[in-house]
Amino acid sequence: MSIEVITRQSGSFVQRVKVGSFDELLVDIPAVVGGDDSAPDPHDYFDLSLGACKSITVLMYARRKALPLAKIMTTVDRDDSDERRGEYRLTVSMQFIAEPGSKLDEATRARLLEISERCPIHRLMTSSQVSVVSREASIDA
């Protein structure tokens, strides 16, 4: 799969992202560093991918097990104060909301939290070695 990132207009940091059939995702940087603050920044997308993946993983598990889980509210808090020293901390808080008239007991809630740690993005962020190769693409005139 390829993701295409294209500068939206000259003189702007705003990027338009094409992912599959989705071509209106935008990325910007905060005004404090010269951006327009018109869209999430790259760190936001990194962080939100973890929260979304955890929620989806838990929902898939709950459906397979026929658990009365109606929805999940996931919050990802970032502490990037030591990022330049190689430490980037994310704290993920998940609230599991049961179907009306149902309850999720403490053991089930603990299991759902455990399952969230098996999401592919969590594993990628915590136990994979990621390799990035940058190269200039040729332009066919």
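Of all residues in the range 84-111, those being in contact (Cβ under 8 Å) with a residue 12 or more places away in the chain and closer than 17 Å to Cys53 by Cβ number 7. Of all residues in the range 80-125, exactly one satisfies the criterion of being at pLDDT 95 or above, open to solvent by less than 80 Å² (accessible area, probe 1.4 Å), charged (D, E, K, R) and under 17 Å from the mean Cα position of the chain (by Cα), namely Arg89. If you go through the range 1-27 and keep only what is open to solvent by 100 Å² or more (accessible area, probe 1.4 Å), within 20 Å of Ser49 (Cα to Cα) and touching a helix residue (DSSP H, G or I) at 6+ places or on another chain (Cβ under 9 Å), you end up with nothing.
Every residue, every condition in (1) in a helix (DSSP H, G or I); (2) farther than 30 Å from Thr108 by Cα; (3) not basic (Lys, Arg), yes or no:
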site	(1), (2), (3)
Pro40	no, yes, yes
Phe46	yes, no, yes
Lys54	yes, no, no
Val58	yes, no, yes
Arg63	yes, no, no
Lys71	no, no, no
Thr75	no, no, yes
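What pairs can you find where one residue is in the range 120-140 and under 18 Å from Thr57 (Cα atoms), the other is open to solvent by less than 100 Å² (accessible area, probe 1.4 Å) and in a loop (DSSP other than H, G, I, E, B), and their Cβ atoms are less than 8 Å apart, with a gap of 6+ or different chains? Matching pairs, first to second residue: Leu124/Val130.
The values are calculated or read from the model by the stated rules, or taken from the named source; none is laboratory data. These numbers were taken from a predicted model, which means no experiment stands behind them. Cβ atoms come from the backbone with ideal geometry, glycine included; neighbour counts cover every protein chain shown. Heavy atoms of the whole protein, side chains included, go into the accessibility calculation; ligands, DNA and RNA do not. Shrake-Rupley method; radii C 1.70, N 1.55, O 1.52, S 1.80 Å.
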